[in-house]
């Protein structure tokens, strides 16, 4: 008789709803049996107030790990170093399953950066499980190795004698180049805005480009968050000038603010005008009247329902095709933060508006553009010419 390990070979992440109506993630097998340890770990993430999308992503990665272990006869709680390294290679060698039902011309593969993220989550899961007594300490110890930091990051306290430069680094990790953030120039943003055909879409693009919001934060906005009057005291808000509030809350469209700390971001008159045009367009759809969410479906069913990630993704795909270059929501966020820093905005202010908790999160935005490099060469040439005269 076949064992359950043979009958139920695959695990997957599933969204569950508790008795109080809150949403959380679980890991189940083909028979919808819960994986106890994985579910306990995900409950811990929720209790630690980790972002909803983080919980969802980690659930999928753990399910992938458990499926791999089952397929390859690996005890998930006692994997050897060689077995984990084999999974690392499998992650980039195994083609990804096709999206939808349409056949694909060429198979898709994970890159090494994605494999690093998956194995990082696996390491966190095993480490947490070791604290619960489910995984031997010897399993966790093989995941790290001592490494001396020759170049410490900014703000790192190396100690008086450099004693803190030796750290415990991940052993199972591909070396990958750190890719710079993709962002759009002002001209490119204007072109994307020009490709929109509806006031709602125009306001969405402008809002992301001006405020630097994450797409989850934008889709999670409610009308009560839009303080676009010169004086908002009538709304119980003492902040002067038009602005928008970003708050973490769980919404019906699964849009979720990553930062647990609420913040507000000022907006300019042009954004207020675009919002007014969108409100006029929205008021023409009776189904949208009862929804408190800012961005709702106006042009296809279900009318009046909050916009979700998939439809927004398709919207930006259409805009990018019309514009002739890549244009994704997160690129607008990067564009806003880059613009703030290059305009001389204090890093602390930019960090606050971006919703970053760590100052180091701002470092990737201080990148050099092609024009910066050309200007640097011209400046040196001009000084050399001046010195000869």
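The values are calculated or read from the model by the stated rules, or taken from the named source; none is laboratory data. Quick caveat: nothing in here was measured; it's all calculated off a predicted structure. As a convention, Cβ positions derive from the backbone with ideal geometry for all residues, glycine included, and neighbour counts pool all protein chains shown.
Just to be sure I understand, how many residues within segment 277-311 are touching a residue at least 24 places away in the same chain (Cβ under 8 Å) and either in a loop (DSSP other than H, G, I, E, B) or over 26 Å from the mean Cα position of the chain (by Cα) (or both)? Residues that pass the stated criteria total 13. Tallying residues that are in contact (Cβ under 8 Å) with a residue 40 or more places away in the chain, part of a helix (DSSP H, G or I) and either closer than 22 Å to residue 260 by Cβ or within 16 Å of the chain's Cα centre (by Cα) (or both) within segment 312-339 yields 10.
Residues satisfying the criterion are present in segment 248-263 (criterion: outside any loop (DSSP other than H, G, I, E, B), touching a helix residue (DSSP H, G or I) at 6+ places or on another chain (Cβ under 9 Å) and in the same structural domain as residue 337 (by TED's automatic domain parsing)). Looking across segment 340-389, the residues that are at pLDDT below 70 and not in a helix (DSSP H, G or I) come down to 366, 367, 368, 369. Of the residues making up segment 19-59, those that are without any contact (Cβ under 8 Å) to a residue 24 or more places away in the chain, exposed (fewer than 14 other Cβ atoms within 10 Å of the Cβ) and farther than 14 Å from residue 134 by Cβ are 19, 20, 21, 30, 32, 47, 48. Can you spot a residue in segment 125-133 that is over 28 Å from residue 362 (Cβ atoms), modelled with pLDDT of 70 or more and not in a helix (DSSP H, G or I)? Yes, the conditions are met somewhere in segment 125-133.
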